[in-house]
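J.: Pasting a structure here, questions to come.
The values are calculated or read from the model by the stated rules, or taken from the named source; none is laboratory data. From a predicted model like this one, the values you see are computed outputs, not experimental measurements. For neighbour counting, all protein chains shown are included, and Cβ atoms are generated from backbone atoms with ideal geometry for every residue, glycine included. When the accessible area is computed, the model is the full protein with side chains, heavy atoms only, and any ligands, DNA or RNA have been set aside. Shrake-Rupley method; radii C 1.70, N 1.55, O 1.52, S 1.80 Å.
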Amino acid sequence: TTDAPTDEAEDATTEESGDEWFVQADYEEQLAQRDVEPEGDPATPWLQAIEPEWIDTAEFAQEGGDHTVCFSNASISNPWRVTGWITMQQQVAVLQESGQIGEFRHSDAGDDDDQQISDIQAFIDSGDCDAIIISPSTTATLTPAVEAACESGVPVIVFDRGVNTDCAVTFIHPIGGYAFGADAAEFLVDNLEPGSKVLALRILPGVDVLEHRWAAAQEIFADSELEILGDEFTGGDAAEIKNIVTQYLQRGDVDGIWMDAGDGAVAAIEAFEDAGKPYPVMTGEDELSFMRKWKDTGMTALAPVYSNFQWRTPVIAATMILAGEQVPAEWVLPQEPITEAELDQYLEVNADMPSLHYAKFGGEDLPGFPDAWQDR
Amino acid sequence: MTLLAMRGIDKAFLGVPVLSSVDLTVEPGEVHALVGENGAGKSTLMKILAGVHTADAGTIELGGRAVSFTHPLQAQQAGVASVFQEFNLLPELTVAENVHLGREPRRRGMIDRRAMAERTAAVLADLGVDDLPPQAKVGSLSVAHQQITEIAKALSQGADLICMDEPTAALADAEVELLYGLIGRLRERGVAVLYVSHRLKEIFDLCDRITVLKDGRLVDSVATADITPDDLVAKMVGRRIEAQFPERLPGTEPGEVRLKVAGGGNAWIDGIDLEVRAGEIVGLAGLQGSGRTEIAEAVFGIAPFTRGSLEVDGKPMRITKPRKAIAAGIALVTEDRKAQGLALWQSVRANARMVLDANARVHSRRRLARVSELLAGLDLVARGEDQEVRFLSGGNQQKVVVAKWLAAEPGVIVLDEPTRGIDVGAKHKLYTVIRELAAEGLAVLLIASELIEVIGLADRIVVLHDGRIAGELPAGATEQQVMAYATGRGPE
Amino acid sequence: MTRVRELLVRATNPTATVFVLLVLVFAGVFAMNPGFFEGPSLMAFLKQAAPLVILAAGQYFVIVSGNFDLSVGALVGAQVVIAARLIDGEESRTVPVLIVMALFGIAVGLVNGLITTALKVQSFITTLGMLLVLYGAIRLWTGGAPTGSLSEAFRTPGRLGIENVPVLGQIPWALLIMIAVGAGSVLLMRTRFGRILMAAGDNERAAALSGARVGTARTIAFILSGLSATVAGVLIGGFAGVSAQVGDGLEFTVITAVVLGGVVLGGGRGSVLAAMAGALVIEALFTLFNQMALPSTLRPAVQGAIIIAAVAYAARRRTRPVPTTATATPTPS
Amino acid sequence: MTRRPGADRLGTTALIYLALAGVLAAGAVATAIDGGNLFATANLVDMLTRTSLTGFLAIGMTLVILCRSLDLSVGYTAALSSLVAATTMDGQVANIPLAVAAVLLVSGLVGAFNGAVTAYLGVNPFITTLGTGLIIKGYLDTQYKGPAGDVPALFQQFGYTRIGPVPVSALVMLALAAAAVWFLRSTRTGHHMYAVGGDVEVARMSGIRTGRTLMWAHVLCGMTAGVAGLLLAARFGTGSAEAYTNLYELDAIAAVVLGGTLLLGGKGGVAGTVAGVAILAVLDTVFNVMQIDPFAKDVLRGVVIITAVAIYARRQLDRTARRPRFAEGRAS
Ligand SMILES: Nc1ncnc2c1ncn2[C@@H]1O[C@H](COP(=O)(O)OP(=O)(O)OP(=O)(O)O)[C@@H](O)[C@H]1O
Ligand SMILES: Nc1ncnc2c1ncn2[C@@H]1O[C@H](COP(=O)(O)OP(=O)(O)OP(=O)(O)O)[C@@H](O)[C@H]1O
Ligand SMILES: [Mg+2]
Ligand SMILES: [Mg+2]
């Protein structure tokens, strides 16, 4: 027997295969999507969709409820994923309560692509899954495994990072990395004098969602008069971030900080405090630690968002598909940065949440709120 | 034609000359002794010949051809086989694998284990050893059998010249006899042997010529027939040594019983009744594997007695580990100084004070202050107390081990092969020290494979056979009497 | 005076390479940015270097006794997370939590030590297992991402210092703690315990037969390592606050630092001062890369090459005079 | 003296397979209580699949560990190899042989570099290979900012095809393991690895070219990491630099030690390693079937590894055991 992927889908160009992360068309599309009014109720952003192309899923419709839904998770190795995973579990509880989902199986690959391929394979082989949800750990490398899942005939739902195949019934994601990076970069351009110096802090090289953020920022900085002092990888480690920023501050002023994710943003701000320098104009993420520090210091900042509420959508999509309802082929969720004007509002709603929680987690209406996110 | 001619060999370690223009010639079929004090450079010279070290200057000719070795393999290929002073065996491998290490016979490109076993058996038979199975794992062998394996390894190479660096240091007289026979046969076949030993008896029994080194220089090279043992010692040491064994010091009388074992036994020994008094030197004699080391280890708590009773200074004790033994005033100079006695990368000083450092109960400023004195008293040759022990010659290393134990001022000292690898001068020194210790009221239990040593020093000789005490003899017993008990034949 | 010089010579002699390297790297930093050696920036450098230097001291004890401690990175991470969760922003809890952390560090060291010495599991495996256990358990406890927050008092040692000192600006508490740990370690190695630890790493059996409590000494070394990870955790947490990644990969950096200091894996050789200097070299190297604006992605490559070259150079110095005895590659135990 | 030849080595290996059986049994009971069946085909397939990658790495790792060395760079070598493979193949079936050759060459060279620095420059292998890993990491991060290359479907079969329930990659791994067992036992170089690991000085004095032996071990270890990289490429359909983040080297070392090979060298073998790999794979599958929390997985893995090694550490370290002359307890 063989469950190898067939060759046909392969010529879907391996756009990621170069060492160039910037794809002009995607970039422009994402920047444009920021201004599109999403379909659906703004009160439930996880059900909204930007320019959806609804497709029919009747072929996957199944009688009754109590479906077994299987979820192959890349990992919960960072606070963003931890928050999302809690949200997803709460959403599942609701759907189980209503009888739409029976068993919910999940496996965690610990960020190991090969492990995740095995995990997906195990779901396929078990033959128990009515739907398979995949949050791929890396885009290109999971492609064959996702194709294999599609071929097994079960509806496949991919979210967060994509894969190089559109065999999945739906691919759920917020607008994307380009939009995130551009939101942040534009904010710096708008709020800094020409000639100001900006330091870019990045987590890791080689992860597409992160690379897109930086690629978009570079695009925007190139057209500005800001001076980019450097871009540094920090591993998201607060101590590393503080070291690096401190060293830059020793050598001269830093007027702006661009980050590709909010992890450790507070440490960067503290570096300015400890060096006795004025706060920079800064972009972080909707992580509460950053937002609280922002509030405390009154600095000029923006929290770009990579919508964490997207973790609710896949399980809902699974029940929709199994019920034969239409879903968007590519389900683009809204993704809006938190501005100073909205800061207080989000801080208030999340007042009791831990500092490594994400403001736009979108679980306020779930029955487990707020305990499930508070005492993990 | 001369088989081996080494000329003008120089060698320095860390800039310190160890050999200075040494010459050595060996004829085919000759058994050639290389003697000298500890640190004279014998092992170094041999290692140069074996390709382990490379000489700084000088030439080596083998069978008329100039050679220069940078790897032991080249020496082997040129027909030089070596038994090194330190064991060169892998405990995890079998005898056969060790014997053929680096030269495994092959059939169709693959290691031929059967041929390996057969050849090993043949070499062992040639040696006259019949109780050493080729498939035994070397790690499970007694020291003696390991030494025999080592010799078999050199023999199996079919070399023209076999260098043996103190091959008998771990052997008792019976095995030494085997080696004598073997060397005789090698000589008949025209194989030359370069023989390093501190045992004068062997030198005079076996060797045709003797080359004497002192402080890295050639003193003399003479035919054995032309020299007497006393003259040889004088050449080695640079002075005459009067009596081989010093007399008992005046006023040394056996006093209270300091160590008493009654019915002691464990997995290896049984029915051990032993008494050592203050000021008394009790010798333990026996063949290899007779259980002498086991008694030492039991007394010292390494492999404790599981039966019988033990008393130190009249107090019953259960000594279950070395710490307890040390606290009770017992010291053990182990037989394998590298594996059990020394931390080789540490300084002489650190090693010498190790027992004091490790045991709060024996640690004292006064004793620490005495350490240097002790080392000097043993005539240690070292470049200072900061020198790392690994740079010392074997004999000098042994002196550090002895000093380490004397520093703790024990009441009972067990000496397991204390003179192994020690030169005549140092041996004499050590004998004197043992006498002095006895005179100071120490109880001494002495294990030595050289019978004359036990006979020459001990006040009483306890002879072991197969893990039990076979008999006891007074001072002045003959070798025959001891051997009669040791081989299980009972009294002569 | 001569005694001091003699001490210095002895301390540096077998491990001179690391000090040469330190001077070279600092020279490089100076060439790039002479301002680096002005008081405040030098103090900032030492503040950030202090945790690694302290970890190096702890790791030194373990390595010199013949073991490895791969669990320190995870322990540093665990300590910070524990501190944040238990303190949860309450100033009054600072001291009790510090005590709890110290006990936890001791406990982890004790468990590492007992498993290694009593159960005879090689320390590489013991501490690798401990790494996994700590990593998993701490996340299990906090649900995957750290919760709570640190108090100001807790953050003081890692973040603040004696202010307004002439020339230097601020003398960081971290620097003073580092100096205290360094001095303590040097003194400890000069005690009987230190010598026994060294002997145990060199020849375990000889030390045991001399009456040394080898297992106990080694276990204490692990405990010291656990404590050093605790102190490092306090400093790192204080310096930068809590983050999920804190401590990741530190174990390899610190072992590299110790080896760079001329300490031989396998035990019995090397000085604690040089080990700590090794940590300074690593930190200085990171600073140099930063000053040179070396592309981030290239830095690991340059770091790897320099480490190999430096250790090879040191090994050559060690082996050259005695070509045959030292070719043995000492390996982890 | 009455010991049978090789009885000891056999004994240890047997013990490890016993441990494997124990883990299987415990896992089966645990999953059964949880309402699952560990021996369902899907789960068996899963276990076998999980053995291949760690298996390749662990086979090579066994060789270097036997030589008392270590290779912490295998994860990086595998990542590099996956990229070399995928970019060389570039979607063309015709390029497969070239790509395989290129991978083996590159990974062999990495191994040779590790071996040379360790053997001839006297650098501790821990540092050598950590350094090599960093160098490769720097190269990968600079050169490839993500997945690159394209593996043709034919080669992807290596990662996905099964014969019955047995994945081809597992079969290849077992074949390689068998070859390694033969190599260690029947060739001089293989046999000498035990000697070099047992005691380099003794090996050298016995005329063994110790440096060369160590080089071979590292080259072969590099090449097995290359094969692991090929497997990654086949499974990913592309090359991935990110693969190095998974700390495969620690998994491989854990498997080797679980398999009874002494980290100090000179003792052990590939047969045990295969069992060690299998133990880890069984654990993974059991954890997955039972839906164990990912962080609890780490805890359990750590505990199992330490416990297993503690159990046979007792036997292994008791090297100096001498044959008793008097049966304990009876003679009194
Ligand atoms: N590898 C080495 N490095 C430094 N010094 C060494 C080395 N090997 C030997 N030496 C020194 O060389 C000298 C000669 O040592 P060697 O082992 O040749 O003496 P020996 O005559 O064999 O003594 P013994 O009778 O004690 O075996 C000694 O002083 C020793 O300290
Ligand atoms: N042929 C053998 N088979 C199994 N074990 C043996 C054999 N020969 C010796 N042994 C074991 O090895 C032990 C140690 O041997 P060893 O030669 O050290 O004994 P010993 O009595 O201390 O003699 P010596 O003090 O001369 O070394 C013996 O007591 C015995 O238990
Ligand atoms: Mg010698
Ligand atoms: Mg003995």
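J.: Compute, for A:Glu186, the solvent-accessible surface of its heavy atoms (probe 1.4 Å) with the complete set of protein chains present, and express it in square angstrom to the nearest 10.
T.: For A:Glu186, solvent-accessible area is about 60 Å².
J.: Given R₀ = 30 Å, FRET efficiency for C:Asp88-A:Asp296 by Cβ-Cβ distance, to 0.05?
T.: 0.95
J.: I'd like the distance between the alpha-carbon centres of the stretch A:285-317 and the stretch D:225-271, rounded to an integer number of Å.
T.: Here the two parts' Cα centres lie 39 Å apart.
J.: Additional query: Can you tell me the convex hull volume per residue for chain A, based on C-alpha atoms, in Å³ to the nearest whole number?
T.: 135
J.: Here is a further query. Between the stretch A:61-75 and the stretch A:140-206, what is the separation of their alpha carbon centroids in Å?
T.: 24
J.: Using a 7 Å offset from the Cα along the Cα-to-Cβ direction at both A:Glu193 and A:Asp66, what is the distance between the two label points in nm, to one decimal?
T.: Distance between label points: 7.1 nm.
J.: Compute the Cα gyration tensor for the stretch C:35-318, then decide on rounded, prolate or oblate, letting a ≥ b ≥ c be the square roots of its eigenvalues: rounded whenever a/c is under 1.5, prolate when a/b is larger than b/c in the other cases, and oblate in all that remain.
T.: oblate
J.: Moving to a separate point now. Any idea of the total accessible area buried by the C-D contact, 1.4 Å probe, rounded to 100 Å²?
T.: 4000
J.: May I pose another question? By how many degrees, between 0 and 90 and to the nearest 10, does the Cα long axis of helix A:113-126 differ from the longest principal axis of chain A?
T.: The angle comes out at about 20 degrees.
J.: Same structure again: Once Lys and Arg get +1 and Asp and Glu get -1 on their Cβ, which of A:Val36, A:Pro136, A:His106 lies farthest toward the positive end of the dipole of chain A?
T.: A:His106
J.: How many partner chain Cβ atoms sit within 10 Å of a residue's Cβ in peptide D:284-294, on average, as a whole number?
T.: That average works out to 5.
J.: Shifting gears a bit: Give the long-range amide H neighbours of B:Phe13: residues separated by 5 or more places, or on another chain, with amide H under 5 Å away, using H modelled in the peptide plane at 1.01 Å from N.
T.: Hits under the 5 Å cutoff: B:Val18.
J.: Determine ³J(HN,Hα), in whole Hz, for all residues of the stretch B:304-313 in sequence, where each value follows from phi through the Karplus function 6.51 cos²θ - 1.76 cosθ + 1.60 and θ = phi - 60°; x replaces Gly and Pro.
T.: x, 5, 10, 9, x, 10, 9, 10, 10, 6
J.: In what sequence, highest mean first, do D:162-168, C:302-308 appear when ranked by Cβ atoms within 10 angstrom?
T.: Those peptides, ordered most packed to least, come out C:302-308, D:162-168.
J.: How far is helix A:238-251 tilted off the main Cα axis of chain A, in degrees rounded to 10, range 0 to 90?
T.: Computed tilt is about 30 degrees.
J.: Still on this model: Quick one: if you stick a label point 7 Å off each Cα along the C-beta vector at B:Ala174 and D:Ala26, how many nm between them?
T.: Taking the simple label geometry, B:Ala174 and D:Ala26 are separated by 4.9 nm.
J.: Per-residue Cβ counts within 10 Å, from other chains only, averaged over D:194-202: what number is that?
T.: Other-chain Cβ atoms within 10 Å of each residue's Cβ, averaged: 6.
J.: Report the A-C buried area as the accessible area lost on both sides summed, probe 1.4 Å, in Å² to the nearest 100.
T.: What A and C bury together is about 2400 Å².
J.: Something else: Counting Lys and Arg as +1 and Asp and Glu as -1, what is the net charge of the other residues whose Cβ lies under 15 Å from the Cβ of C:Ile115?
T.: Taking every Cβ under 15 Å from that of C:Ile115, the sum is +2.
J.: Ok, one more. If each DSSP helix of 4+ residues adds -39,500 (n - 2.57) and the sum is divided by the residues in chain A, what number results at 222 nm, nearest 500 deg cm²/dmol?
T.: Taking each H run of at least 4 residues, the total per residue is -11500 deg cm²/dmol.
J.: Name the residue from C:Ala206, C:Gln170, C:Gly184 whose Cα lies farthest towards the positive end of the charge dipole of the stretch C:160-235, charges +1 on Cβ of Lys and Arg and -1 on Cβ of Asp and Glu.
T.: Of C:Ala206, C:Gln170, C:Gly184, it is C:Ala206.
J.: Divide by every residue of chain B the summed helix terms, -39500 (n - 2.57) for each DSSP H run of at least 4, and state the resulting mean residue ellipticity at 222 nm, rounded to the nearest 500 deg cm²/dmol.
T.: Counting only the DSSP helices, I get -9500 deg cm²/dmol.
J.: Contact order normalised by length for chain A, with contacts defined as Cα pairs under 8 Å and 6 or more residues apart; what percent is it?
T.: With pairs under 8 Å counted, the relative contact order is 23 percent.
J.: Can you give me the pair-distance distribution of the protein assembly as shown, C-alpha pairs, 10 Å bins, whole percents?
T.: Here the calculated profile for the protein assembly as shown is 1, 7, 14, 19, 18, 14, 10, 8, 5, 2, 1, 0.
J.: Next question, about the same structure. Which value, in Å² and to the nearest 10, is the accessible area of C:Met32 when all protein chains are kept and the probe is 1.4 Å?
T.: 100
J.: Taking +1 at the Cβ of each Lys and Arg and -1 at the Cβ of each Asp and Glu, which of D:Ala195, C:Leu227, D:Leu283 sits farthest along the dipole of the protein assembly as shown towards its positive end, judged by Cα position relative to the Cα centre?
T.: Farthest towards the positive end: D:Ala195.
J.: Another question about this same structure. If you place +1 on the Cβ of every Lys and Arg and -1 on the Cβ of every Asp and Glu, how big does the dipole about the Cα centre of the protein assembly as shown come out, in debye to the nearest 20?
T.: Dipole about the Cα centre, nearest 20: 10180 debye.
J.: Angle, helix A:79-97 long axis vs. longest principal axis of chain A, Cα atoms, 0 to 90°, nearest 10?
T.: 30
J.: Still on this structure, please answer the following. Around D:Leu72, under 13 Å between beta carbons, what's the net of Lys plus Arg minus Asp minus Glu among the other residues?
T.: -3
J.: Counting heavy atoms of the protein chains only and a 1.4 Å probe, report the per residue accessible area for chain A as a whole number of Å².
T.: So chain A comes to 34 Å² accessible per residue, rounded to a whole number.
J.: Shifting gears a bit: Determine the calculated [θ] at 222 nm for chain D from helices alone, applying -39500 (n - 2.57) to every DSSP H run no shorter than 4 residues and normalising by the residue count; nearest 500 deg cm²/dmol.
T.: -24500 deg cm²/dmol
J.: Continuing with the same structure: List the DSSP H helices in chain D whose Cα atoms stretch 24 Å or more along the helix axis and whose mean Kyte-Doolittle hydropathy is at least 0.0.
T.: Span-like helices in chain D: D:7-33, D:41-66, D:96-120, D:125-143, D:168-186, D:210-236, D:270-289, D:294-317.
J.: Calculate the length of the line joining the C-alpha centroid of the stretch C:86-118 to that of the stretch B:223-293, in whole Å.
T.: 56
J.: If you roll a 1.4 Å probe over the heavy atoms of the protein chains, what accessible area per residue do you get for the stretch C:35-318, in Å²?
T.: Computed with neighbouring chains in place, this is 29 Å² per residue.
J.: Next question, about the same structure. Which of the cysteines in the protein assembly as shown are isolated, no other cysteine C-beta under 4.7 Å?
T.: B:Cys163, B:Cys207, D:Cys67, D:Cys221, each lacking another Cys Cβ under 4.7 Å.
J.: Let me ask something else about it. Based on the mean of other Cβ atoms within 10 Å per residue, sort peptides C:108-119, B:37-48 so the most packed one is first.
T.: Averaged packing, sorted descending, gives the order B:37-48, C:108-119.
J.: Further, regarding this structure: What number comes out for the charge environment of B:Asp208, summing +1 per Lys or Arg and -1 per Asp or Glu over other residues with Cβ under 14 Å away?
T.: Here the charged neighbours net out to -4.
J.: Next up: If R0 is 35 Å, what FRET efficiency do you get for C:Leu110 and B:His363 from their C-beta distance, rounded to 0.05?
T.: It comes out at approximately 0.85.
J.: Quick one: buried accessible area between A and D, total over both chains, 1.4 angstrom probe, nearest 100 Å²?
T.: 3200
J.: Right, something else. Just checking the output field for A:262-268: average partner chain Cβ neighbours within 10 Å of each residue's Cβ?
T.: 3
J.: Follow-up question, since we're still on this one. Which order do the peptides D:257-265, B:379-387 come out in when sorted by mean C-beta neighbours inside 10 angstrom, highest first?
T.: Descending packing order for the listed peptides: D:257-265, B:379-387.
J.: Hey, if we sort C:Lys120, B:Lys399, B:Lys338 by accessible area with the 1.4 Å probe, largest down, what's the order?
T.: Ranked from most to least accessible, the order is C:Lys120, B:Lys338, B:Lys399.
J.: What pairs in B:Lys153/B:Lys404; B:Lys260/B:Lys399; B:Lys47/D:Lys267; A:Lys242/A:Lys295; A:Lys242/D:Lys137 have C-alpha atoms more than 31 Å from each other?
T.: Cα-Cα > 31 Å for B:Lys153/B:Lys404; rest within.
J.: For the stretch B:4-237, how big is Rg over Rh, using alpha carbon atoms and the Kirkwood form of Rh?
T.: On the Cα set of the stretch B:4-237, Rg over Rh gives 0.97.
J.: Would you check the accessible area of B:Glu373, probe 1.4 Å, heavy atoms only, in square angstrom rounded to 10?
T.: Number for this one is 120 Å².
J.: Further, regarding this structure: Carbon and sulfur: what percent of the protein assembly as shown's accessible surface (1.4 Å probe)?
T.: 56
J.: Another question, then. Under a crude label model (7 Å from the Cα following the beta-carbon direction), how far is B:Glu479 from C:Arg192 in nanometres?
T.: 4.6
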